[in-house]
Structures are given as structure tokens and as C-alpha cells.
Amino acid sequence: RSWTDRDFSPGYVMVHGEDPRGKIEVVTNLKLEYMPGAYFSSNLERHIWRKYPRLGFDKLFFQLDENKKTFWVVPMFKPTIGWSAKKIVGIIILNPETGEDKYYDLGDVPAWVDPIFPREMVNDYLSWYGIYGQGWWNSVWGHRNILEPETPDIVFGSDDRQYWVTGLTSTSSNDKSLVGIAYTDARTGKTVIYHAVGGTD
């Protein structure tokens, strides 16, 4: 229904993250007022902008805690070069029923929150590393060992943490074969690159 008819969302649909035939859970006994598609003061983005005017955000994660209570998890960033080169400094956890929120610094995020670093930001970081990792002059003149990331995919590690996994290829190679694999912790943003040689990851 349109927002003008109801003024809230009654719930959510939860599907299995890996099995397309997995059990579907439909929850309809809620009153989620603060949503991206809401109007006026209930609009989620407007609500955050008004309270945190000095921080930026561009990704909203709808997540459940261990008790299946609903929250919006919003990574907050500051630009580091002019208005660009975003750096996440913390997150907001917001109750979609009441609009109440709490800010957490990046090192103090509750354990149930995952992920924090969005795919687009991880791709930007790896792209900059690939271009400028050997220095700015090399990116302009030398073009040696410049790397290009593939689109990051989310996986669960053996520690049950989420990681963005990204294949890296060399722009100087015509066959675009794999030269490395980057694992980025979706909670901390820490990246480890493993050197590898092969046609595919």
C-alpha cells in the first residue's frame, strides 16, 4: 500500500540467504514507521540528516539482532579528500518503529551487526589501491603493476564473519588472468591480499 494509506510498514519477509527453496518467514505484526520510502519526518534519510548533519551516509542495512528485533544499520562516513574518498567512522543503529537511534564508533559496534562496509566502498578502496599502490607517478607515467578489482562477493569465513572476496587482475595483461585475491572484513574494513596465479578465482 502507499504510505498515505497506512503511514507504516507492517513487517518484513525473511528468505534463506543461500537456499532458494529454503523456508520463508513473513512477519506482519510490526509497525515500522521510519523507512526509506516514508514521507515527511518519517522518511529515514531525512530523519538521519537532521540529527547528524556533519556526517555522510549512502547505504542503509535492514538487519535483525539475535532476538529478531528489527533495526536500520547505517554506516556513517567523513570525506578525506575534498568531498570524496569516504572513510567510515562509525554506525547508527536505528529502531524503525520509534526512530530512536544510537551512534557507535567503528571499534564499538555490537557483535550482531554485519556487514558495515558496503560493496561499493570496498570496490572503491581496492580500485584506488590498484591504481595508486605503486605511487601517483606510476599511475600517470609508468603504469607498472596496476591492478583492477572484480566485483566483490560476500562469503562467510571459518570464523563465521562476513568477508568481501575480490579477484584482482593486472591491467597490463591482455588475458585478464588472476594475480591476487583480496579478502576484506565486512565489519572492520581490514583487507588482506593473497598473491595467486590462475585464469579464475
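The values are calculated or read from the model by the stated rules, or taken from the named source; none is laboratory data. Quick caveat: nothing in here was measured; it's all calculated off a predicted structure. Please note: Cβ atoms are built from the backbone with ideal geometry, for glycine as well, and neighbour counts cover all protein chains shown. Protein only, heavy atoms only, side chains kept; ligands, DNA and RNA dropped before computing areas. Shrake-Rupley method; radii C 1.70, N 1.55, O 1.52, S 1.80 Å.
Which angle between 0 and 90 degrees, to the nearest 10, do you get for helix 119-132 versus the longest principal axis of the chain when only C-alpha atoms count?
In the chain, helix 119-132 runs at an angle near 20 degrees to the longest axis.
For the stretch 1-119, with all protein chains present and a 1.4 Å probe, just round the carbon and sulfur fraction of the accessible area to a whole percent.
Carbon plus sulfur share of accessible area: 50 percent.
Before I look further, what does the chain give for accessible area per residue, probe 1.4 Å, in whole square angstrom? Please list the in-between numbers first.
Details: 12730 Å² over 201 residues.
That works out to 63 Å² for each residue.
Give me the net charge of TYR12's neighbourhood, meaning all other residues with Cβ under 11 Å from the Cβ of TYR12; Lys, Arg count +1, Asp, Glu -1.
0
With a cut-off of 8 Å between alpha carbons and a minimum separation of six or more residues, what is the relative contact order of the stretch 23-119 in percent?
Rounded, it is 22 percent for the stretch 23-119.
Tell me, what is the percent relative contact order of the chain, built from C-alpha pairs under 8 Å that lie six or more residues apart?
11
List, largest first, the extents of the alpha carbons of the stretch 9-127 along their principal axes, each in whole Å.
45, 35, 25
Work through the residues other than LEU32 whose Cβ is under 12 Å from its Cβ and net out their charges, Lys, Arg +1 and Asp, Glu -1.
Summing Lys and Arg as +1 and Asp and Glu as -1 gives 0.
Please label the shape of the chain as rounded, prolate or oblate, based on the square roots a ≥ b ≥ c of the eigenvalues of the alpha-carbon gyration tensor (a/c under 1.5 means rounded; beyond that, a/b larger than b/c means prolate, else oblate).
In terms of gyration-tensor shape, prolate.
Check LYS87: other-chain or 5+ apart residues with amide H under 5 Å from its amide H, H built from backbone geometry?
LYS78, THR80
What residue among ARG161, ARG21, ARG144 shows peak mean-square fluctuation when the chain is described by a Gaussian network model with Cα springs under 10 Å?
Per the Cα network of the chain with a 10 Å cutoff, ARG21 tops the list.
Comparing ASP101, ASP160, ASP124, which has the greatest mean-square fluctuation in the GNM of the chain with Cα pairs linked when under 10 Å apart?
Comparing ASP101, ASP160, ASP124 in a Gaussian network model of the chain, the most mobile one is ASP160.
For the stretch 66-154, what is Rg from Cα atoms divided by 2.2 N^0.38 Å, rounded to two decimals?
On the way: Rg = 17.3 Å, N = 89, 2.2 N^0.38 = 12.1 Å.
Here the answer is 1.43, to two decimals.
Provide Rg over Rh for the stretch 8-70; use the alpha carbon set for both Rg and the Kirkwood Rh (inverse mean inverse pair distance).
1.05
Step through the table entries LYS23/LYS78; LYS31/LYS59; LYS23/LYS69; LYS23/LYS190; LYS23/LYS102; LYS23/LYS59, compare each Cα-Cα distance with 29 Å, and write down the pairs that go over it.
With Cα atoms farther than 29 Å apart: LYS23/LYS78; LYS23/LYS190; LYS23/LYS102.
What percent do you get for the relative contact order of the stretch 59-116 when only Cα pairs under 8 Å and 6+ apart count?
Averaging sequence separation for qualifying contacts and normalising by length gives 28 percent for the stretch 59-116.
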